[in-house]
Amino acid sequence: MQTVWLTGAEWLAVLRIGLGLWWLESWRHKDRKGWFERGTGIAWAADVAGRHRWPVVRKGFDAVVAPCPKLMAYVVVYAELALGLGLVTGFLTPVALVGGLLLNLLYLVLMIHDWAEQGQNAMMALISLVALLAMSWQTWSLDHAIGLF
């Protein structure tokens, strides 16, 4: 498919790279000292989960995150970095897209009562789904250059 400036595949690569930059910005603006040393990110999430209207969210948080908050802080922060780098470079792109989709869905469920957050998570999840189903790693990606996927 040819469009005005780029082909359809190239526009999908632009979408994928833009999503990667969005993840990198999410990583960049995090107060990592607060997350890692003071536990602010996980403490905030614990407060949100503790007041969540769905009991399964509270139970899931207590079972998975609460037992190891420091480890989970590193997982969240560096997952955002890994997703961003993977999508921008196009390396392990399908893995990054599925991981990003799942992380956005987790954020969406956790923040179900906060409509200000919902738009970002819904949009990022939608972009991930489109980029995944359209195989956006076929153009401008390391995956394509080295013959993965």
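With helices as the sole contributors, the chain gives -23000 deg cm²/dmol at 222 nm; each DSSP H run of n ≥ 4 counts as -39500 (n - 2.57), and the sum is divided by every residue. First check a/c for the chain, with a ≥ b ≥ c the square roots of the eigenvalues of its C-alpha gyration tensor; if it is under 1.5, answer rounded, and if not, answer prolate when a/b is larger than b/c or oblate otherwise. Judged from the Cα gyration tensor, the chain comes out prolate (a/c at least 1.5, a/b above b/c).
Rounded, prolate or oblate: which fits the range 1-56, taking a ≥ b ≥ c as square roots of the Cα gyration tensor eigenvalues, rounded meaning a/c under 1.5, else prolate when a/b beats b/c? It comes out oblate by the Cα gyration axes.
Probing with 1.4 Å while keeping every protein chain in the model, the per residue accessible area of the chain equals 57 Å².
Ignoring any ligand, DNA or RNA, what whole percent of the accessible area of the range 90-149 comes from carbon and sulfur when the probe is 1.4 angstrom?
Details: 2490 of 3210 Å².
In the range 90-149, the share of accessible area belonging to carbon and sulfur is 78 percent.
The values are calculated or read from the model by the stated rules, or taken from the named source; none is laboratory data. All of these numbers come straight from a predicted model, not from anything done at the bench. Side chains are part of the model used for accessible areas, which takes the heavy atoms of the whole protein and leaves out ligands, DNA and RNA. Shrake-Rupley method; radii C 1.70, N 1.55, O 1.52, S 1.80 Å.
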